[in-house]
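The values are calculated or read from the model by the stated rules, or taken from the named source; none is laboratory data. Note that this is a predicted model, so its numbers are computed, not measured. We place every Cβ from the backbone using ideal geometry, glycine too, and count neighbours over all the protein chains shown.
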Amino acid sequence: MGTSAEAGAPQAECSDGSPQIVAANLVGDTVLILRCKDQTTEAAFSTKYNWLGSRSVDVALRINDEKPFKAVWKASVDGRAAFAPNAVEFIRMLPDNANFNLGNVSDIRNKVAHACDWDHTPNEPVGSVDHSEHR
């Protein structure tokens with residue numbers, strides 16, 4: 001997925017005491033974000049200069065040498081980001097030896113899973129632009 005100019009998985013607490021995890025991988029004007037905020041798991045791709053769409057974004061993904069596949073992600077309100085329709089599934093399918101520098105992917109995946117309590121969350125679509133739904 002590229003070489004990272006900025007990466008990390010800072011952990012903080014929300015005002016209600018729940019953990020918050022954000023991991024970002026910045027490459028040029030694009031960033032891959034994996035996060036748990038307010039018990040909501042999100043995986044998003046964002047760009048500073050390009051408009052991705054207003055409703056849905058067609059995304060082509062390839063993990064390692066696997067065959068590429070297409071997915072439809074939800075566009076953000078400003079059209080500059082796209083959210084995975086099932087962030088938990090997307091994060092789980094990232095290989096531990098991913099070709100980008102978010103740190104150790106398995107550590108980040110574990111932190112996000114713990115913060116968003118994946119063991120007690122149905123495997124339903126959670127990455128969205130509607131932040132009123134908490135998972």
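For the range 19-37, give me the residue count where each residue is in contact with a Ser or Thr (Cβ under 7 Å, 6 or more places away or on another chain) and outside any strand (DSSP E or B). Selection size over the range 19-37: 1.
Scanning the range 58-79 for residues that are out of contact with any Lys or Arg (no Cβ under 8 Å at 6 or more places or on another chain), free of Cβ contacts under 8 Å to residues at least 40 places away in the same chain, outside any strand (DSSP E or B) and of a type outside the set (S, T, N, Q) gives Arg62, Ile63, Asp65, Glu66, Lys67, Asp78, Gly79. Scanning the range 21-39 for residues that are surrounded by fewer than 19 Cβ atoms within 10 Å (Cβ to Cβ) and touching a Leu at 6+ places or on another chain (Cβ under 6 Å) yields no hits at all.
Of the residues making up the range 41-57, those that are in a strand (DSSP E or B) and either touching a strand residue (DSSP E or B) at 6+ places or on another chain (Cβ under 6 Å) or closer than 20 Å to Val27 by Cβ (or both) are Glu42, Ala43, Ala44, Phe45, Ser46, Thr47, Ser56, Val57.
So which residues in the range 80-118 are part of a helix (DSSP H, G or I), loosely packed, with under 15 Cβ neighbours inside 10 Å and at pLDDT below 80, if there are any at all?
Ser106, Asp107
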